[in-house]
Amino acid sequence: MTRLSPLSVPYRAVQRSASIVFALAFFAFTGGTAFGGFLGGLGSVALVGVVVVAIAGYELAYFRRFEYELTPDTLDIRSGVFSRRNREIPYRRIQNVDISRNVAQRLVGIAAVNLETAGGGETEGSLRFVSYEEARRIQSEVARLKRGGTEGDAAEPEQELLFELTPRELAIVGALSFDLRLPGLVFVFGSTAFPIVASYVDVPVPAGSVAAAGVGVVALGLLVALVSWAAGFASAVVNYYGFRLTRVGDELQYERGLLQRYNGSIPLDKLQTLTVEDNPLKRRFGYATLLVETAGYAPSSDGSNGSGGGGRGSEAAIPLATRDRVLGLVADLEGVEEPTFEGPPTRIRRRYAVRYSLVLGAATLALYGANRFLPQEIPWFVPLALVPVAVVAGALQWQHRGYALAENHFVTRNGFWKREMRFVPYYRVQTVIERRTVFQRRWRVSTVTADTAGSISLVGGDATAVDIEVDDAAELRETLNDRLREALAARREARQQSRQAALGIRAAEPGRDPDESDSGSTPDVETDVSETPEFVEEAEPAVGGDDEDAEEVGDGDEAEADDPFIWGESVESEPGPEPESESERDDGAENDDDTESDSDDGDEDDDADETGDAEDEPEESSDERGAI
C-alpha cells in the first residue's frame, strides 16, 4: 500500500485551519471580553493554539491511516480516522483521472488526483495530496490497466498533439468571452452601496424625468456590457492559459490553467455528445468552441473548468479555433461532418415573434402600472419601440434551429446568441422523448429529444429538435428508435467478432456452403484439432462397408473438421451408414447422448463468456437498456 505525500500534512493543516483560526481570533479579540473577561489576550492566543494543534494532530492521523494501491483490476483506497472506509474502484468504471494544482501546490510540489466514475454524482476517489510525479504515474497506470496491460508492458501509446492554444488565440478567447455572473453581483452590491455613496458624493442627475430615465438605462446597459466583457476576459485567460489537447492511445488528455493547473483525461469510448458552440461575435470572425460530454459526473460538474458547461458533464476540448478546424476535429473523432439541417416550418417564425412581443407587452403593462404608485412618471411606452427587434429576433431564432439524421449520428442545432450544434451517436441514445406544450398543440408542432447518459434534460443538455411538424416528429421518433436498435445490434456483432478473433475462431463466411470443404490446400490436422470445439461430433466409420465407402467417410470427417461455425452453435457431421447389429445401434445412441451433453457444456461456457463480457462493458449494457 502507498501513502500520501508527507508534505500533504502541513499543507492540509494550514488549509483547514486558516478559516477556523481567523473566525476564532475575530471572536476572541472582539467579543471574548463580553463574557466577564473569561477570554483575554493570552487566553485567546491559547485557544487559537489549541485549535491549531488539534487540526495538525488530526491531519497527521489522516495521513497515517490513508493508503491506496493499484491492483491488476481495481484501485483500492483505505481511509478514515474515526470511521474506516475501504473502496475498490474497478478500472473499467473509471471515466476520468484529473490532476489539479494551484499556485501554492505547485510551489510545494504536490497535486490532487480526482477519479470520476460513470453514473456517479460526485468524485468517487480523491487523493489529497500526492507528489506531481506520483499523480502522473497514477494517471498513466490507470490508463494502461484499463487497456488490459500487464506489468511487463514497456511500449507506451503514441502521443499526437491535436491542438495547442497560442497567446494570440488566448487573447481572442478573452476578447470574445462574456460572463454575466459578475454583473449580478455588481447589481446587488451597487443597490446596497449607492445610498451610502450618494450621502457623501453629490451625483448630478438631469432635471427631466424622461432624460434621467434614458441616461440611467443607457449607463446601466454600458456598465453591464463592460463588466461582463471584463469578467469573461479574465475568466478565459485564467482557465485556458497554456491549453494543450493530446491524443494518447484511446484517450484525449488536456492541460490548462493559470492559477489552478488542470491535467485530465477524456476516454474516447466514453464520449456521449460532441457540441460545437459559438455566438454572434465568434461567427462573425469564423471561430467556434468544441465541447465533449462524457457519461456521468465530469470535471466541469463543479463549474470549475471554465467551459461554460457547469453541471452538464462537458469539458472544452477546444476553447477556441477556426470553425473549419473545429469541424475537422469532429470528423476525426466521430467520422461525421456538418450536415444540411431541416428547420421548423415557416409559420413558426410568427410564433417566435409573437412570443417576444408578448414579453415586451408585459413589460409595458408593468411600467404603466408602476406609474400609478410612483411619485415620478416612468416612460412606460419605451418597450413598445423594441417590437421590430422582437420580429427580427424571432426570425433569427427560426433560422438557427434544425435537425439532421446523419449515417451514424443525430445532429441538432439551436440558439442564436449561444448557438449549439450537437452530434449524438445513435448507440448513445438512452431515451427518445416527444412532447408538446399547450402552445405547441395550437401551432401543430412537437419537440423530439434524444436523451443520453451524460446529458441533463432539466437544463437543456440534450440533443433536441424543436418545433417540428407533428407528423415529422412521430416519424423522427420512430426513426431514432429503429436506428438505435440497428446501432446496438451492429455493436454487439462487432464485439462478438472481436471475441472470436481473440479466441482464434473463424466466423462463418456469408454465401458459403457449410458442407463444402476448403479447396486449394490440405488442412493441417493439428490446426483443425485446435480450432474444432470439443462438442463437435465425429462420424463413425461404417462397419462392413467396402474400402471406397470408408474413404468417403474419412474425407467427410476431414472436411467437417475444417468447416467454419458460428459462436455458440455446434456443428454436426453427417452420420455414417447404419450399423448392422442391435448392439451397435445402442452404442451409437450412447455416443449421441454424449455429444448432446458436450454441446450443452459448450453452450454453458458461451453463456459464461457472454456474462463476463457484459460485466466488462457495463456502458454498453446501459445502451441496450435504453434501446428496450
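The values are calculated or read from the model by the stated rules, or taken from the named source; none is laboratory data. As the structure is a computational prediction, the values presented were derived from the model and not from experiment. FYI the Cβ positions are ideal-geometry reconstructions off the backbone, even for glycines, and counts take in every protein chain you see. What goes into the accessible areas is simple: the full protein's heavy atoms, side chains included, and nothing from ligands, DNA or RNA. Shrake-Rupley method; radii C 1.70, N 1.55, O 1.52, S 1.80 Å.
Okay, here's what the table says:
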{"read-out": "Pairs, first touching a residue at least 60 places away in the same chain (Cβ under 8 Å) in the stretch 253-267, second surrounded by 20 or more Cβ atoms within 10 Å (Cβ to Cβ) and of a type in the set (Val, Ile, Thr), C-beta under 6 Å, six or more apart", "value": "Asn263/Ile99; Ser265/Val97; Ile266/Val292"}
{"read-out": "One residue from Arg495, Arg441, Arg483 being among the basic types (Lys, Arg), free of Cβ contacts under 8 Å to residues at least 60 places away in the same chain and either under 30 Å from Arg284 (Cα atoms) or not in a strand (DSSP E or B) (or both)", "value": "Arg441"}
{"read-out": "Qualifying positions in the stretch 387-407 - surrounded by 15 or more Cβ atoms within 10 Å (Cβ to Cβ) and assigned to a loop (DSSP other than H, G, I, E, B)", "value": "His400, Arg401, Ala406"}
{"read-out": "Which numbered condition Gly461 misses (of (1) at pLDDT 95 or above; (2) crowded, with 20+ Cβ neighbours inside 10 Å)", "value": "(1)"}
{"read-out": "Residue match in the stretch 300-322 (condition: modelled with pLDDT of 70 or more, surrounded by fewer than 24 Cβ atoms within 10 Å (Cβ to Cβ) and in a helix (DSSP H, G or I))", "value": "no"}
{"read-out": "Residue tally, condition at pLDDT below 70 and open to solvent by less than 90 Å² (accessible area, probe 1.4 Å), over the stretch 139-153", "value": "4"}
{"read-out": "Selection count, the stretch 364-386, where residues are surrounded by 15 or more Cβ atoms within 10 Å (Cβ to Cβ) and assigned to a helix (DSSP H, G or I)", "value": "5"}
{"read-out": "Pick from the stretch 238-296, criterion in a strand (DSSP E or B) and open to solvent by 30 Å² or more (accessible area, probe 1.4 Å), ranking: nearest to Pro167 (Cα to Cα)", "value": "Arg244"}
{"read-out": "Only listed residue being out of contact with any Lys or Arg (no Cβ under 7 Å at 6 or more places or on another chain) and either more than 29 Å from Gln272 (Cβ to Cβ) or free of Cβ contacts under 8 Å to residues at least 12 places away in the same chain (or both), chosen from Leu405, Leu365", "value": "Leu365"}
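To keep it simple, each residue is scored yes or no on (1) among the hydrophobic types (A, V, I, L, M, F, W, C); (2) in contact with an Asp or Glu (Cβ under 7 Å, 6 or more places away or on another chain); (3) closer than 14 Å to Phe341 by Cβ.
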| residue | (1), (2), (3) |
| --- | --- |
| Leu374 | yes, no, no |
| Ile378 | yes, no, no |
| Val387 | yes, no, no |
| Ala404 | yes, yes, yes |
| Val424 | yes, no, no |
| Tyr427 | no, yes, no |
| Glu434 | no, no, no |
